[in-house]
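Step one of this worksheet: look at the structure below.
Taken together, the values in this text are just the output of simple stated rules run on the coordinates, not laboratory data. Because the structure is predicted, anything quoted here is derived from the model rather than measured. Note: ideal-geometry Cβ built from the backbone for every residue, glycine included; neighbour counts use all protein chains shown.
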Amino acid sequence: MHQKPVYLDYNATTPCDPGVVDVMIPCFTQGFGNAASRDHSYGWEASETVEHAREEVARLIGARSKDMIFTSGATEAINLALKGVMASGNFSGNHIITSQTEHEAVLDTCRYLEKKGYRVTYMGVDAGGNIDLEELEENIGPETIGIALMYANNETGLVHPVKQIGEIAKKHQLLFLCDASQAVGKIPVNAVGDGVDLLVFSSHKMYGPKGVGALYVNKSIKPEVAPLIHGGKHENGYRSGTLNVPGIAGFGKAASVCREKMENEAKRLEYLRNTMENELLAMPGTSVNGNRKNRLPHVTNISFEGVEGESLVLSLAKDIAVSRGSACSGNVHAPSHVLRAMGISDEDARNSLRISLGRFTTEEEVRFAAQVIGDTVTTQRKKHIINTLSSSS
């Protein structure tokens with residue numbers, strides 16, 4: 001029997017895998033040393049734990065462990081990557097290219113840089129959420145420093161042509177920053193093979209603990225990243241602060257588990273996602289937002305005509321946990337900036353649900369959720385019709 005409410009918001013965060021918790025617990029009570037303590041066994045043990053995790057995290061994205069920097073999460077890693085490159089003073093240009101559908105961590109950092117005198121191009125997308133690679137090249141000029149484009153969209157699941165973007169960046173000798181928070185651990189990611197210079201991801205999106213993330217830095221550009229946090233010169237001087245050893249240990253284990261389970265899990269989740277999607281699309285007035293072909297296997301974003309999104313989510317909350325978009329958006333009442341950039345109306349954007357499945361989602365839960373969502377939408381539509389008639393009489 002499924003547990004209520006059924007959790008279908010895995011893009012917001014994931015529960016820790018039990019194996020991850022098992023690895024973390026001893027770090028609190030036994031291997032509790034400071035990884036920077038070089039004079040005794042407690043510090044040596046903690047340091048070994050960190051370096052083992054670094055190897056596992058690097059292996060998941062096809063990188064060298066020495067090119068990984070641990071942070072408090074993807075948001076800090078994005079800030080370190082973007083601001084750190086600009087603060088290094090090693091670039092004569094002042095132009096960055098990104099997209100209107102990026103996560104707020106990228107968009108807000110770019111807006112900050114604009115206030116500092118940098119110029120940012122926010123590329124539009126088509127109805128499926130895709131960027132135009134020809135337009136990307138057309139936006140490159142002599143002052144362009146780099147490109148900041150995500151691997152997979154957090155609201156629609158759309159996967160961008162990262163390898164082709166990397167080739168464009170290399171052709172023009174630009175830096176390529178990629179927010180891969182939603183992709184790493186879900187689909188194969190190879191930072192080196194894809195030509196990414198700065199790749200960001202987070203533990204809690206892949207069944208690890210909150211409060212820890214990573215920034216991969218291509219070895220050839222390491223001198224171009226200036227630290228944002230100064231102090232004890234931890235992480236080779238890129239990110240000072242006592243390392244979160246339990247979190248990092250859990251991150252490493254999560255990476256290992258994801259690597260082992262990724263292929264089979266992706267197939268299972270795609271089947272479950274399609275099962276739910278097909279049941280919901282059988283209802284009139286429903287449609288999928290975004291490209292249905294090139295997307296993550298566990299995500300769907302569906303618009304329901306004749307309902308109000310916030311009311312729908314609240315009505316579902318007792319039985320199902322879903323969302324209307326990013327969990328990191330401060331203004332929850334505004335229509336999704338991602339859907340609006342795709343040309344979707346404010347009304348349809350507000351009437352949309354993001355449903356994201358995960359490792360512990362069962363087929364029983366999916367079928368239960370589809371039934372509950374369908375029944376709730378039908379009820380909401382009837383209320384909407386009655387209210388409309390009452391207000392017009």
Taking a threshold of 24 Å on the Cα-Cα distance, which of the pairs 205/267; 186/210; 163/233; 205/233; 163/186 fall above it? 163/233; 205/233
Lys and Arg at +1, Asp and Glu at -1: neighbours of residue 360 with Cβ under 15 Å from its Cβ sum to +1
Note, the stretch 96-109: 3J(HN,Hα) by Karplus (6.51, -1.76, 1.60, θ = phi - 60°), whole Hz, Gly/Pro = x, goes 10, 10, 9, 10, 5, 9, 5, 5, 4, 4, 7, 4, 5, 5
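What translational D, rounded to a whole number of µm²/s, comes out for the stretch 1-136 from Stokes-Einstein when the hydrodynamic radius is the Kirkwood one over Cα pairs, at 25 °C and 0.890 mPa s?
129 µm²/s
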Using a Förster radius of 41 Å, what is the FRET efficiency between residue 4 and residue 220 based on their Cβ-Cβ separation? Nearest 0.05, please. 0.20
Of 289, 164, 152, which is farthest along the charge dipole of the chain in the positive direction, counting Lys and Arg as +1 and Asp and Glu as -1 at C-beta? 152
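Calculated FRET efficiency, residue 240 and residue 340, Cβ-Cβ r, R0 45 Å, to nearest 0.05?
Step by step, r from the Cβ atoms, then E = 0.70.
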Using the Cβ atoms and a cut-off under 12 Å, what net charge is assigned to the surroundings of residue 287, where Lys and Arg are +1 and Asp and Glu are -1? -2
Where does the chain land at 222 nm, in deg cm²/dmol rounded to the nearest 500, when only DSSP H runs of n ≥ 4 count, each adding -39500 (n - 2.57), divided by all residues? -13000 deg cm²/dmol
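Using Cβ contacts closer than 10 Å as the measure, can you line up 205, 115 from fewest to most?
Exposure proxy ranking, most exposed first: 115, 205.
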Based on Cα positions only, what radius of gyration and what Dmax would you give for the stretch 53-126, in angstroms? 14.5, 39
Ranked from fewest to most other Cβ atoms within 10 Å of their own Cβ, 59, 354, 273 fall in the order 59, 273, 354
Hey, fewest Cβ within 10 Å first, where do 186, 382 land in order? 382, 186
Binned at 10 Å from zero, the C-alpha pair distances of the stretch 97-157 give percents of 21, 54, 24, 1
Distribution output for the stretch 134-241: share of Cα-Cα pairs per 5 Å bin in percent, first bin at 0, values 2, 11, 20, 20, 19, 15, 8, 3, 0
From the C-alpha gyration tensor of the chain, pull out the three semi-axes of the equivalent ellipsoid (sqrt of 5λ each), sorted largest to smallest, in whole Å. 37, 27, 17
Kirkwood Rh over alpha-carbon pairs of the stretch 220-357 plugged into Stokes-Einstein at 37 °C, 0.692 mPa s gives a D in µm²/s of 179 µm²/s
So residue 116 and residue 173, fully extended at 0.36 nm per residue minus their Cα-Cα distance, gain in nm 18.2 nm
Under a Cβ-Cβ cut-off of 12 Å, what is the net charge of the residues other than residue 163 that fall near it, where Lys and Arg count +1 and Asp and Glu count -1? -1
Once label points are set 7 Å from the Cα along Cα→Cβ at both residue 317 and residue 32, what is their separation, rounded to one decimal in nm? 3.7 nm
Please list the non-local residues whose amide H lies under 5 Å from the amide H of residue 123, H modeled 1.01 Å from N, same-chain partners needing a gap of 5 or more. 98, 99, 100
